[in-house]
1. Output the residues belonging to the range 1-33 that are buried (at least 19 other Cβ atoms within 10 Å of the Cβ), out of contact with any helix residue (DSSP H, G or I) (no Cβ under 6 Å at 6 or more places or on another chain) and in a strand (DSSP E or B).
2. Scanning the range 51-71 for residues that are part of a helix (DSSP H, G or I) and surrounded by 14 or more Cβ atoms within 10 Å (Cβ to Cβ), which turns out nearest to ligand 2 (Cβ to nearest atom)?
3. Within the range 30-50, how many residues turn out to be farther than 20 Å from Asp94 by Cβ and either among the aliphatic types (A, V, I, L, M) or near ligand 2 (Cβ under 10 Å from one of its atoms) (or both)?
4. Of all residues in the range 34-50, how many are more than 16 Å from ligand 1 (Cβ to nearest atom) and either among the polar types (S, T, N, Q) or assigned to a strand (DSSP E or B) (or both)?
5. Name the residues in the range 53-101 that are free of Cβ contacts under 8 Å to residues at least 60 places away in the same chain, over 25 Å from Cys19 (Cα atoms) and in contact with an Asp or Glu (Cβ under 8 Å, 6 or more places away or on another chain), would you?
6. Given Thr99, Thr104, which one is surrounded by 19 or more Cβ atoms within 10 Å (Cβ to Cβ), under 18 Å from Ala27 (Cβ atoms), touching a Lys or Arg at 6+ places or on another chain (Cβ under 7 Å) and not hydrophobic (A, V, I, L, M, F, W, C)?
Amino acid sequence: MSCKNEIELKSLAAGGCLCGAIRYRIAPGPVRESGYCHCRTCQRQSGAPAVAFFAVAPGRFDYLKGSPAGLRASDHATREFCSSCGTYLVFREDDAAATIAINTATLDEPALIPPLYHIYHDSRIGWFETADDLPRHARGL
Ligand SMILES: [Zn+2]
Ligand SMILES: [Zn+2]
């Protein structure tokens, strides 16, 4: 059985919100984390049962067009989203040395970065399950 723990972005990746007001790019390099989050905050902000996200060093992420609105739903981070169409894009820790998490489905090619685990599985919605055998963590990592 193979265990895929490392994902590398081989070239520049781009993405953005539904309406096109906000575009971003991510420089090539290692992806430090990639998973599904089932926490209630992500569910409410996205309007979806779970959010797939991945994290990179913050210096590799840039907005190319537009600027997002921010929501402080926790005391250590800002959730950035498009104020026109509402797309939830980024989870940014206050700690500038921490990774920045980007919501995978907002990439132009989201298939590039598959999730490797589930977090906050404790708050998974009972009718929602994914067909994978990835590790399921009750809360955060
Ligand atoms: Zn938008
Ligand atoms: Zn979450």
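Every read-out reported here was derived from the displayed coordinates using simple, explicitly stated rules and does not represent laboratory data. Predicted model, so just to flag it, every value in this text is computed and none were measured. A quick note on method: Cβ atoms are made from the backbone with ideal geometry, for glycine too, and the neighbour counts reach across all protein chains shown.
1. Matches in the range 1-33: Ala13, Gly16, Tyr24, Val31.
2. In the first step, residues of the range 51-71 are kept if they are part of a helix (DSSP H, G or I); the result is 58-60.
Now narrow it down to the ones that are surrounded by 14 or more Cβ atoms within 10 Å (Cβ to Cβ): 58, 60.
On the way: Pro58: 18, Arg60: 21 Å.
Of everything passing the filter in the range 51-71, Pro58 is nearest to ligand 2 (Cβ to nearest atom).
3. Residues of the range 30-50 that are farther than 20 Å from Asp94 by Cβ, as a first pass: 30-31, 34-36, 38, 40, 43-44, 46-50.
Now drop any that are not either among the aliphatic types (A, V, I, L, M) or near ligand 2 (Cβ under 10 Å from one of its atoms) (or both), which leaves 31, 35-36, 38, 40, 43-44, 46, 48, 50.
Residues that pass the stated criteria total 10.
4. Number satisfying all stated conditions: 6.
5. Matches in the range 53-101: His76 only.
6. Working: Thr104 fails: touching a Lys or Arg at 6+ places or on another chain (Cβ under 7 Å).
Testing whether each residue is surrounded by 19 or more Cβ atoms within 10 Å (Cβ to Cβ), under 18 Å from Ala27 (Cβ atoms), touching a Lys or Arg at 6+ places or on another chain (Cβ under 7 Å) and not hydrophobic (A, V, I, L, M, F, W, C) leaves just Thr99.
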